[in-house]
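Scroll down for the structure; my scribbles are underneath it.
Read the figures in this text as sums done on the coordinates, not as results from a lab. Source: prediction; values computed, not measured. Glycine gets a Cβ as well: all are built from the backbone with ideal geometry, and neighbour counts include every protein chain shown.
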Amino acid sequence: MIYLISLSSNVASARLDPNDVISQALWLFSGQQLFQRATSRVYRAPTIPEGSGPDYLTAVAIIETECTLAQVQDRLAVIEAAVGDKGPGNEGARVLHLELIAPWPASAREALKLRHVSSGSQILENLPARADVLVPLNEVAPDWVHPGLGLSVQDLVAALPTQARKRVEDFIPYDAARDVAE
């Protein structure tokens, strides 16, 4: 089965900055039998609601696995815990947040099942307004169709307000070695 996974981080762990947190999570996927088929670039996006914490670094991965939907959720929780899933005292602060967007291809029945398995996760319902997920998702799965809306990711991105799309931008990590060389 193929799944779409959103990764985000806006607070450093004890040993990793947010960019490295996302890299570490991706590295841990294979140990959980979640095999990457594609991964977007890392993007910078404001927290939701905007101003409630530091900007997020966010990416989307397409994974393939023999795991069930519930097993994927459990394995994502294991990875979050291994990296450090909660930020210090701020609702908008997360060391690592992994969200199962949906199976691919996703039927309406699978989306309903996802809603029951994903306690607290409303990502499918909120996806049309989530530029932080749609922009990287558009990079790796532009033709994926939202099971409830019947719209492709390209259509959902096009429907975003221009300002929301502009707030999600490529993240280019600071390279101190390059500055020294110049």
Two-decimal ratio, segment 1-53, of alpha-carbon radius of gyration to 2.2 N^0.38 Å
1.28
Please sort by residue number the trypsin sites (Lys or Arg not before Pro) in segment 29-69 whose DSSP state is loop and whose Cβ has at most 16 other Cβ atoms within 10 Å.
ARG41
What ranking, highest mean first, results for peptides 142-150, 14-22 when packing means the other Cβ atoms within 10 Å averaged over each residue?
14-22, 142-150
